[in-house]
Amino acid sequence: MKRTYLSLLLSGAIFVAPFAISADTPSDDSLLDLSLQELISLDVPDVTSVSKRKQRLTDSPAAVYVISDEDIRRTGVTSIPEALRMVPGMQVARLNNNTWSISTRGFNYIFANKLLVLIDGRTVYSPLFSGVNWDVQDTMLEDIARIEVIRGPGAALWGANAVNGVINIITKHAADTQGGLLSTGFGSDERFFGAYRYGGQFGNDGYYRAYYKQFERNSLLNSSESREKHSLGKNADDSWHMRRSGFKASWQPTGSSEWTVQGDIYEGSTQPSLKIFDADEPAQGEQLLTDKSRDQKGGNLMVHWKDNHHSVRAVYDNYQNFDYRITEKRDDFAIDYQNSFVPAKDLFLIWGLGYRSTWYSVEGTDYMYLLDGSDRKVNELYSAFIQYDVTMANNTVFTFGSRFEHNDFTGFEYQPNIRLTWKPTENRTFWSAISRAVKTPSLSETELQTVGVTFNFEPTEDINYLIPIAGNPELDSEKLLSFEIGYRETFTDHFRIDSTLFVNHYDDILAYVSAPNCLDGTSNYGAGCSINGLTTSTDPRHAGRLVYATDKDYFVSQAPTILSNGIDATSYGLEVTADWQATSWWKLQFNYSFIQTDAHHHKEGDLFLDRNEQTIEDLPAQHSANIRSSMNLPNHWELDTWIRYMDNMTNAKVGAYTALDVKATRTFEDNLEFSIVGQNLFETQRKEFDEIFSGLGATEVEASWYLQLRWKH
């Protein structure tokens with residue numbers, strides 16, 4: 001069946017080709033007829049995430065990459081996580097239908113917690129685990145103006161958890177989305193999707209838009225290991241549906257000031273495969289459940305006022321997650337103020353204040369619960385930042401600043417950075433940076449007890465260890481000291497290169513270490529803890545080990561652990577991006593990244609620290625690359641191809657793979673667009689990620705296709 005999808009796409013390409021070949025020169029109205037420099041100045045005129053003010057992309061003293069609205073349209077991605085695959089050094093792996101592992105510069109995991117993600121300046125990281133619930137970070141993709149991605153620390157301006165990078169998703173101004181837009185389609189993986197947006201005007205200087213979107217996604221496939229171990233069928237039964245609506249309105253009461261009010265509400269459900277060990281039924285060993293729903297809903301509201309020098313933003317965010325293992329309800333309120341001015345010639349200063357309060361309601365189960373037995377928590381964060389830009393002789397800009405924060409977990413934190421930008425010529429830029437950033441502990445790391453994580457230390461043996469992990473209220477922040485140098489240059493208006501070298505040193509990384517006591521309901525037995533009276537194994541293969549035999553010849557040893565700041569690590573790498581306007585109608589984009597991570601601990605004799613070291617070193621893929629081709633062909637046809645490579649991820653039990661996406665688009669009268677898209681076409685199916693700590697079962701991504709119709713009026 002999957003070969004049929006590929007054949008269909010190839011047939012479409014063959015159908016388009018004669019039109020391209022027969023024309024001496026592609027028609028003007030269907031060409032990529034702008035130079036690369038013009039494309040950059042028009043499609044990405046400025047970036048704002050590096051310095052919290054508008055800058056030319058080429059002048060920014062950071063490893064910044066911009067995904068434009070045109071990139072999103074032409075690649076055919078259907079979600080924000082899929083769009084992030086375009087970014088050099090960004091590692092995106094799909095665990096199941098609605099769960100991704102997303103990180104940059106290492107530490108790629110389901111609970112990746114060293115990226116700060118914002119949507120129109122609204123922070124969307126979860127204080128429960130300092131990561132991002134990617135399955136609810138969504139909007140109508142046609143309304144995204146650009147996604148600015150900083151690879152490297154952004155904590156001096158954006159705060160704690162902006163350790164390895166910042167992702168800033170910026171939606172279009174309401175004035176730029178006037179009229180109606182309908183986008184709908186269906187396919188093999190995308191069972192159905194549809195979205196409608198309408199924008200209008202009120203008064204002389206007021207604009208608004210409102211949208212509604214919904215999708216239904218088919219199940220992925222169970223991994224081959226799960227099918228063999230748990231006698232499962234091929235279908236993972238993790239279909240996913242979500243619906244969402246929202247609005248944005250902006251108006252200018254005076255010439256220099258502007259008010260914006262925007263918000264969203266959403267709800268959805270999926271059935272992820274769950275791996276559990278039930279102490280009440282130990283003879284069943286590890287079970288894989290496929291009939292437990294995970295429901296989510298929530299909403300947000302933001303009010304933003306700004307003028308030429310001041311900005312005030314207030315945000316309320318509600319999130320509710322109804323999981324088989326734990327129920328989380330969270331309310332966030334945040335307010336921030338910033339001010340910028342020029343105190344003297346060649347000096348620019350920006351500073352700001354912020355406050356965030358989070359109210360939790362956590363309903364635990366036998367699998368997860370808060371250690372103190374409570375189910376309600378409140379955390380507060382106070383912050384301030386200041387940054388100077390000093391323009392010196394020889395086209396050199398010196399930037400220095402810091403953010404200061406106080407949180408309820410570790411108290412006071414400071415996060416300074418120093419940056420230097422030198423432009424010897426207008427089209428050539430060198431920059432360097434030294435930065436300090438911290439990742440503060442979260443509620444799950446300080447107060448959550450996970451009862452049973454099962455994994456195998458030695459895959460060749462049949463001993464599966466049950467590892468309870470307890471939070472630790474005495475944790476310190478994880479700390480990063482980063483060194484970066486970068487170089488950018490545009491050649492003859494047709495070719496641009498952007499490269500970065502970095503060295504990151506991390507202190508006090510969290511690790512699980514042996515706990516001094518067994519859980520309630522278990523008892524000490526040798527070096528471990530017994531579970532509900534299970535007896536030790538008499539199998540000679542396990543002589544000298546603390547193991548427990550079950551009726552299914554499944555062996556479990558319970559070894560309780562607690563989180564601790566137990567690991568230091570150093571990573572270094574290279575990131576390169578090149579854009580080439582090959583002809584007036586053909587554009588090529590290439591990027592490549594390399595990373596190496598070395599970890600070590602200082603405590604001898606602990607059963608788990610060596611395992612922690614190996615896990616941290618094996619989290620990222622060492623090499624990754626993208627090649628994208630965009631062709632504007634005659635008769636209003638577009639042909640886009642995207643090849644991406646990901647090296648093996650040892651920790652995720654995934655080998656290296658290469659994926660191909662193809663999109664062919666025909667435009668009619670500038671307001672109607674028809675597309676056919678094929679995704680992951682090099683392989684019939686593949687696993688992208690696997691892990692143990694979330695309790696989620698791994699699935700496999702299939703080669704797929706979908707048809708899309710987009711109509712403007």
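Derivation of every value follows stated rules applied to the coordinates shown; laboratory data play no part. What you see is a predicted model; the values in this text were computed from it and never measured. Heads up, the Cβs are rebuilt from the backbone with ideal geometry, glycines too, and the neighbour counts pull from every protein chain shown.
Taking amide H atoms as placed 1.01 Å from N in the peptide plane, the amide H of Ala515 lies under 5 Å from those of Thr561, Ile562, each 5 or more residues away in sequence or on another chain.
Here Thr254, Thr139, Thr410 are placed in order of increasing Cβ neighbour count within 10 Å, fewest first, which gives Thr254, Thr410, Thr139.
Rounded to 0.05, the FRET efficiency of the Asn517 and Phe333 pair, given R0 = 41 Å and the Cβ-Cβ distance, is 0.60. Among beta bridges from DSSP that stay inside segment 106-230, the antiparallel ones total about 85%.
Between Tyr355 and Glu258, the modelled label-to-label distance comes to 2.8 nm, taking each label 7 Å out from Cα in the direction of the beta carbon.
About the centre of its Cα atoms, segment 584-713 shows a dipole size close to 640 debye [charges on the beta carbon of Lys, Arg (+1) and Asp, Glu (-1) only; nearest 20 debye]. Cβ crowding within 10 Å ranks Ser250, Ser361 as Ser361, Ser250, fewest other Cβ atoms first.
Taking 22 Å as the limit for the C-alpha separation, the pairs Lys306/Lys439; Lys213/Lys248; Lys377/Lys479 exceed it in the case of Lys306/Lys439; Lys377/Lys479.
Here the simple spin-label model places points 7 Å from the Cα toward Cβ, and for Phe186 and Trp305 these points are separated by 5.0 nm.
For segment 302-420, the dipole from Cβ point charges (+1 on Lys and Arg, -1 on Asp and Glu) about the Cα centre works out to 480 debye, to the nearest 20.
Would segment 622-680 count as rounded, prolate or oblate if I go by the C-alpha gyration tensor, calling it rounded below 1.5 in a/c and otherwise prolate when a/b exceeds b/c, oblate otherwise? Prolate. Model label points for Ile485 and His602, set 7 angstrom from Cα along the Cα-to-Cβ axis, are 3.0 nm apart. Measuring between their Cα centroids, segment 233-273 and segment 40-100 lie 19 Å from each other.
Annotation: amide H of Tyr109 within the under-5 Å range of Ile102, sequence separation 5 or more or interchain, hydrogens built in the peptide plane. With neighbour counts taken as other beta-carbon atoms within 10 Å, the residues Asp336, Asp238, Asp598, Asp670 rank, fewest first, as Asp670, Asp598, Asp336, Asp238.
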